[in-house]
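Take a look at the structure below.
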């Protein structure tokens, strides 16, 4: 027989941490933003300095906040899950990260080809234009930002909320992998493959959308050293008929 146990009340530190976390996850405090100074937060939350500092320390350990000595405390992740995933990806083999991207982006592209609307297409096209501008200006950081935004818009066009949430959680870490695997020597190839992906989604061609994803992931894979000739699995359109 399962016995009910007495519920545990949150401590004051946990309550403060929960309120701060809610502001972050509700996008009231965005990634990169410096949170209000201690006196202001102490006034708002009606807590002592020690309680506030304990709450901030807990959120810093969880990966949501980062304190810079003499500068303040900044939001460094939009969610606890995102922070955890980012830490995992940072310690994961880059090939494995690419394989995760391939799995998510290929399935999302196929779904987007059938579910996209005009608003989705306009958002994807806008990101492509931003990528082209960044490439023409040799601005790799800006290019990586808009590259991630492009993929996020494709994921969003799948209209699978869980997939979008998961991809958004890992997008910060993916931007790092893009900076490591893409360069302007191959920028034209990536732009062309992304254009093909856009056209496939616009034409509602799921197979071509999958092939476009495969082409740019294969290119990124080829830039990584010592992969021992490992290949990505074929898409359905490439498989031999039975």
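The values are calculated or read from the model by the stated rules, or taken from the named source; none is laboratory data. Since the model is a prediction, treat every value here as computed from it, not as a measurement. Cβ: placed from backbone, ideal geometry, glycine included. Neighbour counts: every protein chain shown.
Report, by residue number, each residue of segment 121-153 that is in contact (Cβ under 8 Å) with a residue 60 or more places away in the chain and more than 20 Å from residue 170 (Cβ to Cβ).
The answer is 121, 125, 128.
Answer yes if at least one residue in segment 13-31 is at pLDDT below 90 and in contact with a helix residue (DSSP H, G or I) (Cβ under 6 Å, 6 or more places away or on another chain), and no otherwise.
Within segment 13-31 (the criterion being at pLDDT below 90 and in contact with a helix residue (DSSP H, G or I) (Cβ under 6 Å, 6 or more places away or on another chain)), the answer is no, since none of the residues qualifies.
Does residue 97 satisfy being in a helix (DSSP H, G or I) and either over 30 Å from residue 210 (Cα atoms) or not assigned by TED's automatic domain parsing to the domain that holds residue 167 (or both)?
It is false that residue 97 is in a helix (DSSP H, G or I) and either over 30 Å from residue 210 (Cα atoms) or not assigned by TED's automatic domain parsing to the domain that holds residue 167 (or both).
Go through segment 69-118 residue by residue and tally those that are in contact with a strand residue (DSSP E or B) (Cβ under 7 Å, 6 or more places away or on another chain) and at pLDDT below 90.
So the answer is 1.
Among the residues of segment 165-179, is any buried (at least 19 other Cβ atoms within 10 Å of the Cβ), farther than 22 Å from residue 208 by Cα, under 14 Å from the mean Cα position of the chain (by Cα) and modelled with pLDDT of 90 or more?
Looking through segment 165-179, none of the residues is buried (at least 19 other Cβ atoms within 10 Å of the Cβ), farther than 22 Å from residue 208 by Cα, under 14 Å from the mean Cα position of the chain (by Cα) and modelled with pLDDT of 90 or more.
What pairs come out if I take residues in segment 31-56 that are under 30 Å from residue 171 (Cα atoms) and pair them with residues that are loosely packed, with under 11 Cβ neighbours inside 10 Å whose C-beta lies under 6 Å away, six or more apart or interchain?
Within 6 Å, no pair qualifies.
I'd like the full set of residues that are closer than 24 Å to residue 148 by Cβ and either assigned by TED's automatic domain parsing to the domain that holds residue 215 or surrounded by fewer than 17 Cβ atoms within 10 Å (Cβ to Cβ) (or both), limited to segment 45-73.
Once the filter is applied, which keeps residues that are closer than 24 Å to residue 148 by Cβ and either assigned by TED's automatic domain parsing to the domain that holds residue 215 or surrounded by fewer than 17 Cβ atoms within 10 Å (Cβ to Cβ) (or both), segment 45-73 yields 62, 66.
Could you please give the count of residues in segment 96-120 that are touching a residue at least 40 places away in the same chain (Cβ under 8 Å) and under 17 Å from the mean Cα position of the chain (by Cα)?
So the answer is 12.
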